[in-house]
Amino acid sequence: MASEWINARLEEYIDSCLGKMLDKNKNKGELYPYLGNSNVRWGSFDLDDLAHMKFEKHEHERYGIKYGDLIVCEGGEPGRCAIWEEDLPDMKIQKALHRVRTKDGLDSEFLYYWFLHSGRSGLLDAFFTGTTIKHLTGKALKQLPIKIPPLQLQHQVARVLRPLDKKIKLNQQTNQTLEQIAQALFKSWFVDFDPVVDNALAAGNPIPDELSHRVEVRKKAHVLPDFHPLPEHILNLFPSEFEQTGEPTVGIDGWIPKEWNIVSFGEISKCFDSKRIPLSRRQRDEKKPGSIPYYGATSVMDYVDDYIFDGIFLLVGEDGSVVKPDGTPYTQYIWGKSWVNNHAHILQGKGSISTEHLLLFMNSTNINAYVTGAVQMKINQKNMNSIPFIEPTDQICENFNELLKPIFQKIRYQAEQNRTLKMVRDYLLPKLIAGEIQLDSSGVSSINQEAELQGV
């Protein structure tokens, strides 16, 4: 019952502290990995690029984190948080983060969903400091007002929402694995030329000295117990010789498979930039509510009720966020109805080159040489179209596309499933946090009925 809910300040139910200040000149002790603001996402952690800092023994308890701790961003997007589940041992936190440990009477998973709801609905904004860069200080964090239901109901709320988030996370991880598989296949065929090296070795054909390292790699691969050669009908499509291009930056030190061609990116792609229409904030508001994604250079910026494009496309960031730290462009693989503004090139493959082939090519290509601008980086259509592309035969591309087809069908299916799961979660979240949905002992009593009434 609502009368059993408690109005409290967060400090009454948590123990919290900020992480350690990074100071290379003053910090002492042994090096340990630590989380910074950029490592924390809503509900998950990005652990691919962790920095290290020195910590002394007496600091481990204060700055170390344990299973079940809520890690909350102090700045950037204040309040953004995730629950630590011992993803890596001996993890510490930097000053940009709060470590929040719940006390009796407050469940950490319920608190995470409370932060997620409060952050989205603007309930935290009044407690931020700063004008340009917002912060949620330790003092402000403790003063946050929270309405706490009985512990049993907190557990039920988490039991309803957590499986949705776990399924979303599993789908995301599966899609990342599928993308890595597709990228590895592209690299093997069109960057390392593994099938051509294999054919040359089998035929006893001479292999250029510049490719000797590839020969050694392939010889070692052939004796591995998990080595699986390409089916003969596909392997026979590849040549067994190399030829020099005269361009040392294309292929492997200027060598490419015999009878393959070097063409420009513009020759194997179709560009639809002329159909893009940017929308102002007012125009986007006028088109709401909508479910059609409105894309910018790197992500979905909004959802509108109208579309320009309908199909499978590749988006490449045109200005602003153009190049990743490794020199590859920011890309987005999109499908279905969409609206794209003028900050992203919109492309499809042409001829035997599929859109997925374009995606994998761009994800492995350093474009720094084609980017202009010092302050505002940009890759214009002319420069993008001039990027050299090694074009195999149509038969090879067609077989490559057939191998890619089920991979990307699975990626699209699971991404669509995640959209539905997020709609369900986002519909239920505010109602569960406010106690507007009645739960039975299993935590699912009226949820199905509520979701059906709302069409989710």
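The values are calculated or read from the model by the stated rules, or taken from the named source; none is laboratory data. Here the structure is a predicted model, which is why all the values come from computation and not from measurement. So basically every Cβ, Gly included, is an ideal-geometry build from the backbone, and we count neighbours across all protein chains shown.
Annotations
- Only listed residue being more than 30 Å from residue 212 (Cβ to Cβ) and modelled with pLDDT under 95, chosen from 164, 123: 123
- Matching residues, the range 328-354, being over 23 Å from residue 261 (Cα atoms) and of a type in the set (A, V, I, L, M): 334, 340, 344, 346
- Test: residue in the range 133-155 that is of a type in the set (Ser, Thr, Tyr) and closer than 23 Å to residue 428 by Cα: no
- Condition check for residue 351: closer than 30 Å to residue 400 by Cα and assigned to a loop (DSSP other than H, G, I, E, B): yes
- Matching residues, the range 182-233, being under 30 Å from residue 411 (Cα atoms) and assigned to a loop (DSSP other than H, G, I, E, B): 191, 192, 193, 224, 225, 226, 227, 228, 229, 230, 231
- For the range 123-166, a residue qualifies if it is small (Gly, Ala, Ser) and either under 19 Å from residue 8 (Cα atoms) or in a helix (DSSP H, G or I) (or both), and the qualifying residues are 126, 138, 140, 158.
- Exactly one residue out of 187, 220 is loosely packed, with under 11 Cβ neighbours inside 10 Å, of a type outside the set (A, V, I, L, M, F, W, C) and under 36 Å from the mean Cα position of the chain (by Cα), and it is 220.
- Qualifying residue in the range 21-32 (condition: in contact (Cβ under 8 Å) with a residue 40 or more places away in the chain, of a type in the set (S, T, N, Q) and over 17 Å from residue 136 (Cβ atoms)): no
- Residue identified as at pLDDT below 95 and surrounded by 13 or more Cβ atoms within 10 Å (Cβ to Cβ) among 384, 423, 362: 423
- Output for the range 234-250, where each listed residue is of a type in the set (Phe, Trp, Tyr) and in a helix (DSSP H, G or I): none
- Applying a threshold of 6 Å to beta carbon distances and a minimum spacing of six or more residues, or different chains, the list of pairs starting in the range 9-20 at a residue that is surrounded by fewer than 14 Cβ atoms within 10 Å (Cβ to Cβ) and ending at one that is part of a helix (DSSP H, G or I) reads 9/143.
- Listed conditions (1) in a strand (DSSP E or B); (2) closer than 29 Å to residue 326 by Cβ; (3) among the acidic types (Asp, Glu) are all met by residue 15, apart from (2).
- Selection status of residue 411, over 21 Å from the mean Cα position of the chain (by Cα), of a type in the set (A, V, I, L, M, F, W, C) and at pLDDT 95 or above: no
- Qualifying residue in the range 95-108 (condition: within 23 Å of the chain's Cα centre (by Cα), within 30 Å of residue 6 (Cβ to Cβ) and surrounded by fewer than 21 Cβ atoms within 10 Å (Cβ to Cβ)): no
- Of the criteria (1) modelled with pLDDT under 95; (2) not in a loop (DSSP other than H, G, I, E, B), which one residue 278 fails: (2)
- Looking only at residues of the range 126-175 that are small (Gly, Ala, Ser) and more than 14 Å from residue 115 (Cβ to Cβ), we find that the one that is surrounded by the most Cβ atoms within 10 Å (Cβ to Cβ) is 138.
- Odd one out for residue 178, checked against (1) under 28 Å from residue 355 (Cα atoms); (2) assigned to a helix (DSSP H, G or I); (3) over 33 Å from the mean Cα position of the chain (by Cα): (3)
- Among (1) touching a Cys at 6+ places or on another chain (Cβ under 6 Å); (2) closer than 23 Å to residue 328 by Cβ, the one test that residue 352 misses: (2)
- Counting only strands (runs of 3 or more DSSP E) wholly contained in the range 60-111, the ones carrying 2 or more residues that are in contact with a Ser or Thr (Cβ under 7 Å, 6 or more places away or on another chain) and among the aliphatic types (A, V, I, L, M) occupy 81-83.
- Enumeration of residues in the range 119-147 that are touching a residue at least 40 places away in the same chain (Cβ under 8 Å) and of a type in the set (S, T, N, Q): 121, 137, 143
- Between 288, 350, the distinction of being free of Cβ contacts under 8 Å to residues at least 24 places away in the same chain, in the same structural domain as residue 386 (by TED's automatic domain parsing) and charged (D, E, K, R) belongs to 288 only.
- Within the range 79-93, being modelled with pLDDT under 95 and either among the polar types (S, T, N, Q) or on the phi > 0 side of the Ramachandran plot (or both) holds for 86, 90.
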